[in-house]
Structures are given as structure tokens and as C-alpha cells.
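K.L.:
Pasting in a structure now, in C-alpha cells, and then I'll have a few things to ask.
Each reported figure results from applying straightforward, stated rules to the coordinates on display, with no laboratory input. Since the model is a prediction, treat every value here as computed from it, not as a measurement. Here the Cβ positions follow ideal geometry from the backbone for every residue, glycine too, while neighbour counts run over all protein chains shown.
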Amino acid sequence: MIKLSLRYEQISCRLTVEGYPDVSTGQGGQAIGILTGWSLALAGHTELEGKREHLEALLQVVAPYARHLISSAPRTFGAPDSPVAIHPEDARHRLELRSSQPNTPPLTLHLDDAELADLVRCLDQLLLDGRLQLNLQTPSPQPLRRSELRKRVPLGRRMAAPLCGMAALGLAGAISWMVPTPKPGSFNPAQDKGSTNPMADPGKTGTPSGASQLPR
Amino acid sequence: MPDVSIALSRPTPIPRRGLERLDLMLLCAEALDLNGGEAMVWMSEQLGYQTLFPNRVELWKRRCHNPLRRSTRRGQLEVQDTDALIRILTAMAERLYPMLRQLLSAAEPASVSDQRWTLFRSRLQELIEERLNLRRVGVRKLLDPIEGPQICHQLILSLALSAGSGGVERLKASLLDPEP
């Protein structure tokens with residue numbers, strides 16, 4: 001059986017996939033159902049090679065990273081024990097590839113935005129290629145949660161509204177504390193009886209309330 | 001809290017903020033391509049959207065649902081209209097990908113890159129002043145000498161990452177993001 005090879009190319013990236021058709025599932029002669037290996041050549045970086053699980057790990061990390069980047073909410077993808085991880089780093093993207101061999105330091109690649117876009121497009125081409133029938137597990141793009149998007153707003157702007165609210169509340173509290181409250185013991189009915197204040201004499205103001213209105 | 005995983009399985013109308021971004025990205029494509037308006041109509045025909053957008057006026061009317069527009073239209077845009085606009089945009093981004101890549105590449109000489117960005121921003125500014133409501137805060141931010149270039153870079157990066165058929169679902173998901 002002839003080994004098949006599929007190649008996906010962009011300006012700075014070339015992804016090559018090799019394998020055989022899975023005849024047990026009735027695949028045609030031009031399809032790849034059994035992956036024997038893949039290689040990724042990024043211009044100016046070491047060529048990467050791996051097996052199916054490494055390709056799946058790369059897809060599971062790069063695709064959601066690109067998804068978050070479109071929403072201006074970049075974050076790290078890839079657990080510490082995962083073979084691939086990607087981190088945002090200033091204006092670049094740090095792709096970390098960890099070897100399964102013990103005592104082997106991880107390989108780190110620093111990609112700029114254009115190189116990352118090339119890599120994403122190569123992976124998109126691979127996923128959309130009907131000849132590749134590997135049933136690779138990749139997360140489908142989803143809208144982000146509000147908490148994930150909150151990070152893109154600077155801390156100062158995020159805190160401005162609650163801080164202003166707290167300041168306004170404090171100011172209102174201070175002002176209300178400065179206003180003198182009438183003391184309950186200072187009320188003198190005798191003094192109020194001789195008062196010329198119309199408010200103190202319900203009869204003059206015509207208000208129906210008060211003891212003077214009551215029949216004797 | 002509603003589960004976001006089901007958000008894409010049923011047709012969800014794009015929120016106001018998403019419509020703003022979609023139209024701004026189309027505006028960026030027009031700024032990159034001098035004949036962008038014509039290219040958009042041609043792309044619409046190529047993708048088989050003659051019934052949805054039989055002429056450029058219909059296309060323009062859908063884009064006017066962007067609240068930042070000078071002559072904005074009220075109401076919700078139909079899901080099939082937004083889907084068509086997203087597909088037109090991703091197809092245009094694929095066609096313009098070499099230019100997007102040049103703008104984003106750090107390997108380009110700084111002086112050449114600066115010239116390209118200056119040219120792109122000046123064209124975008126002309127389009128913004130012609131079509132968008134300059135009193136809106138979002139538009140003023142785009143024209144701001146400090147915030148504007150950052151927003152432009154983000155729009156170009158989003159265009160590059162949503163180029164081609166593979167970018168359709170990614171872009172659609174990002175346009176459905178809730179407001180932070």
C-alpha cells in the first residue's frame with residue numbers, strides 16, 4: 001500500500017501529514033484514515049514532528065487560543081502536563097512543546113501575529129480537508145463568557161464605577177452625619193403653646209388635626 | 001446562567017456590539033482594497049447571495065444596522081443576513097490575506113510596516129468620517145491617536161484569524177460574545 005502525504009502551506013508555515021487509508025472502514029485510496037506521522041515547519045524555527053496525539057494536542061490548544069484572540073481576550077492554553085501549550089507574551093505568542101522523554105527541556109517557539117495566523121490557517125485547512133478522515137477531536141468555537149471578556153477592560157476602568165459609587169455613598173453619609181438631628185428631650189409643649197408660629201397652631205392653619213378640634 | 005455551548009447550535013441574532021464589529025471589519029476590508037465596495041458585491045454574487053442582496057443598496061441597508069452609522073437602521077438583523085455578511089467578510093479576508101499578513105508581520109522592516117499602517121489608517125479614517133456618526137464614543141475612539149491604532153491592529157488581527165472557510169465559525173462565535 002502506498003503511503004499518502006497531504007501538505008498544507010502558508011507563507012511561513014508548512015504542515016505535512018502522512019498516513020494510509022483505513023480499508024477496514026471502506027475508505028477510498030486517496031483518504032488518510034491511519035496517521036503515521038506529521039511534521040510542522042515554521043520559517044526560522046526547528047521543524048516539529050509527532051504522532052496523532054501530538055497533532056490533537058496542537059489543535060486543542062491553538063484553535064481556542066485563536067478564538068480568544070479574535071475577541072481580544074488572549075489567555076494561556078495547555079495544562080502543565082500537556083504536550084503543547086501556548087501563552088500570550090507581549091506582542092508575540094509563545095508556543096511550548098514538551099517532549100515525552102524525561103529530562104528533555106521543552107522547545108519554545110516565539111511566533112508573531114502573522115506566523116500565528118499562518119499556523120491557524122494551516123490547521124483550518126487540515127480540519128476542512130475531506131481527504132483526511134481521522135476524526136480529530138477539536139473544540140468547536142463558542143461565545144466567551146462575560147467573566148472571560150471582563151479581563152480585556154483595564155483594571156482602572158473596571159474599578160471606576162464601583163469606586164465612584166462607594167465615594168458617592170461615603171459623601172452622602174458624611175453630609176447626612178453633619179446635619180444636626182433634633183434631640184427628643186428638647187420638646188417643650190408650654191413654649192410651643194404661646195408661639196406665634198402658624199405651623200404650631202393648627203387652628204390658624206386650618207388643619208383638621210390637633211386636640212383643639214376635638215369636641216369637649 | 002444560560003449555557004453558552006448551545007448558543008451556536010440554534011440560530012442566535014448577533015447583538016448590537018457584534019453588528020458594530022462586523023461592519024467595522026467590512027470597513028477595514030474596504031480600506032485595504034480600493035475597490036472594496038465592488039469586490040463585496042461581486043463576492044456576494046460568487047457566494048450565491050443574489051436573492052438576499054440583489055443589489056448594492058440591499059447590502060448597504062443590512063450594514064446600516066450598525067448603531068455607529070450616520071444613517072443607522074433600527075431593529076434586529078435576520079440571522080440569514082448576518083450569516084451571509086460573515087461569509088462575505090471571511091471570503092474577502094481570504095482574498096486580502098497577503099496584505100493582512102504584511103501588516104501583522106514583525107519580520108517586515110519597521111519603516112515599511114509604519115508606512116503601510118499609516119496608509120491603511122488614513123483610508124479607514126476617510127471611510128469612518130464619510131459613513132459613521134462622529135459624535136459616538138466608539139467612533140471617537142477609532143479616530144483617537146492613542147486608542148485608534150490599537151483598535152485597528154485588533155481589527156486586522158481578527159480579520160487575519162477569520163480568513164477563509166475555517167474562520168467562519170470562529171468569527172461568528174466572537175460576534176456573539178456578550179458585553180463585558
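K.L.:
Among A:T16, A:L59, A:P74, which residue has its Cα furthest toward the positive end of the charge dipole of the range A:4-136, with +1 on Lys/Arg Cβ and -1 on Asp/Glu Cβ?
P.N.:
Most positive-ward Cα: A:L59.
K.L.:
Sticking with this structure for a sec: So what's the gap between the Cα centers of the range A:21-61 and the range B:83-114, to the nearest angstrom?
P.N.:
If you average the Cα positions of each part, the centres end up 28 Å apart.
K.L.:
Note down the nm distance, to one decimal, between modelled labels 7 Å out along Cα→Cβ at A:R94 and at A:R157.
P.N.:
Between A:R94 and A:R157, the simple spin-label model gives 2.7 nm.
K.L.:
Could you work out the local net charge near A:E96, counting Lys and Arg as +1, Asp and Glu as -1, over the other residues with Cβ closer than 14 Å to its Cβ?
P.N.:
+1
K.L.:
Same structure, new question: In the calculated pair distance distribution of the range B:9-175, what percentage of Cα-Cα distances lie above 23 Å?
P.N.:
36
K.L.:
With a ≥ b ≥ c taken as the square roots of the eigenvalues of the C-alpha gyration tensor of the protein assembly as shown, please select rounded if a/c is under 1.5 and otherwise prolate if a/b is larger than b/c or oblate if it is not?
P.N.:
Since a/c reaches 1.5 and a/b is larger than b/c, the shape of the protein assembly as shown is classed as prolate.
K.L.:
Calculate I(q)/I(0) for chain A by the Debye formula, one identical point scatterer on each C-alpha and no solvent, and give its log10 at q = 0.11, 0.13, 0.16, 0.17 Å⁻¹ to two decimals.
P.N.:
So the normalised log intensities work out to -0.72, -0.87, -1.11, -1.21.
K.L.:
For every other residue with a beta carbon closer than 10 angstrom to the beta carbon of B:R62, add +1 if it is Lys or Arg and -1 if Asp or Glu, then tell me the sum.
P.N.:
The answer is -1.
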